């Protein structure tokens, strides 16, 4: 058998082949090479719109043309639609140049010096108010659109790309905006900052440190005349703490001791206490051993003149006590219950009622009754406050609640309660005798002075 014959490829005789022989780059003779295709026209148009939105309108200056203001509002809506469209079409993300223009637009519209507080500070005890007065920004129509674009931009951009456009200076600028008095801005800012924390994993430690420094400066700033942003930052911290791994790292425990606990002593604590208590309770749930430091820290910062703060701290004490095991409660029962017993005898009806209602907590009653020897240590202080309320408290409502608590204590520990009442009567008798002796001595001194 002969060798197999391989057919040779047939040469092309088309005009295109002949032209390519004359022009190796594939171009026709006498023609120039075309430039590379330009970016999409939509991207160029979008960049122009974004650049035109860097002009800031105050909404209070009469010089600002209303037509240009409305045109910017319309363009911001178009930009938001474009960003949302890019988020839906994940295969065609935003162009790099568009992202650069967006970040520059965010800086131009959002980063600004905050004016001094426009409302006078509250009295030290906060009065009947729970939050500072609300001040709304006149430029909110534009700010709202910019924040919506920022949230959509962060949501539609992957973490790797986001790191190339959002630096730490941008993050610090966002954190400074929490000083805004407009609650609408702080709420949108909270959403955006939390989204950035979720995506920028390499900058999480920096963001935690920045929030800790801001809270620490507020806690130790004696002249702080407003607390704008503290509640929102604490809300972000609460979500972060919820995701901490167990056991809690030392740096996180230090954040609890050095930042969160000092926030209990400020005059604005009533405005952010709900978020602060949540952060503290999350730490105790993650690491029950931290309850000792938490309770002692709260007791050390107990208010002297603010009845409203006393009510809030009694609630926080009760919530922490619910998380204790019997051994922990046995160690902490005396300082905690001594403070609650003093609150029972408070002249403020709100404080006295809230302290009395602690005995309605089933967990507290269970720990106090089950722990050996604890009831004998804590009951004398409560008996003194209960009997004093029944005899001389001005509020009828407090007297009624006190009577209910007395019936409960007599049911739980009848013999011990009777013994405490007898001891209280003996101490009162001794005190009366000592007072009589002291008065007699003073009278002798006065008579001797008059004789001279």
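The values are calculated or read from the model by the stated rules, or taken from the named source; none is laboratory data. Given the structure is predicted, the values throughout are model-derived calculations rather than measurements. Cβ coordinates were reconstructed from backbone atoms using ideal geometry, including for glycine residues, and neighbour counts include every protein chain displayed.
Inside the range 213-229, can you point out the residues that are part of a helix (DSSP H, G or I) and surrounded by fewer than 18 Cβ atoms within 10 Å (Cβ to Cβ)?
Once the filter is applied, which keeps residues that are part of a helix (DSSP H, G or I) and surrounded by fewer than 18 Cβ atoms within 10 Å (Cβ to Cβ), the range 213-229 yields 213, 216, 217.
In the range 198-212, what count of residues is obtained for those that are closer than 18 Å to residue 178 by Cα and either buried (at least 17 other Cβ atoms within 10 Å of the Cβ) or assigned by TED's automatic domain parsing to the domain that holds residue 242 (or both)?
Number satisfying all stated conditions: 5.
State the number of residues belonging to the range 82-94 that are in a helix (DSSP H, G or I) and within 10 Å of residue 46 (Cβ to Cβ).
Number of matching residues: 3.
Every residue, every condition in (1) in contact with a strand residue (DSSP E or B) (Cβ under 7 Å, 6 or more places away or on another chain); (2) more than 30 Å from residue 116 (Cβ to Cβ); (3) touching a residue at least 60 places away in the same chain (Cβ under 8 Å), yes or no:
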{"site": "161", "(1), (2), (3)": "no, yes, yes"}
{"site": "165", "(1), (2), (3)": "no, yes, yes"}
{"site": "168", "(1), (2), (3)": "no, no, no"}
{"site": "171", "(1), (2), (3)": "no, no, no"}
{"site": "183", "(1), (2), (3)": "no, no, no"}
{"site": "187", "(1), (2), (3)": "no, no, no"}
{"site": "193", "(1), (2), (3)": "no, no, no"}
{"site": "199", "(1), (2), (3)": "no, yes, no"}
{"site": "204", "(1), (2), (3)": "no, yes, no"}
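Is at least one residue of the range 240-253 touching a helix residue (DSSP H, G or I) at 6+ places or on another chain (Cβ under 6 Å), under 25 Å from residue 179 (Cβ atoms) and buried (at least 20 other Cβ atoms within 10 Å of the Cβ)?
Yes.
Given the conditions (1) within 30 Å of residue 244 (Cβ to Cβ); (2) outside the structural domain of residue 241 (by TED's automatic domain parsing), report the number of the one that residue 306 does not fulfil.
(1)
Could you please find all residues in the range 365-418 being in a loop (DSSP other than H, G, I, E, B) and more than 40 Å from the chain's Cα centre (by Cα)? If you could, list the steps in order and put the result at the bottom.
So in the range 365-418, the residues in a loop (DSSP other than H, G, I, E, B) come out as 371-373, 393-395, 413.
If the condition is that a residue be in a loop (DSSP other than H, G, I, E, B) and more than 40 Å from the chain's Cα centre (by Cα), then 413 is the only one that fits.
Quick check on residue 84: is it more than 20 Å from residue 146 (Cβ to Cβ), surrounded by 11 or more Cβ atoms within 10 Å (Cβ to Cβ) and at pLDDT 65 or above?
Taking the combined requirement at face value, the residue does not satisfy it.
Go through (1) under 13 Å from the mean Cα position of the chain (by Cα); (2) at negative phi one by one and return the number of the condition residue 229 breaks.
Condition not satisfied by residue 229: (2).
Could you identify the single residue in 55, 97, 75, 8 that is at pLDDT 55 or above, in the same structural domain as residue 150 (by TED's automatic domain parsing) and in a loop (DSSP other than H, G, I, E, B)?
On the way: 97 fails: in a loop (DSSP other than H, G, I, E, B); 75 fails: in a loop (DSSP other than H, G, I, E, B); 8 fails: in the same structural domain as residue 150 (by TED's automatic domain parsing).
Within the list 55, 97, 75, 8, the selection yields 55.
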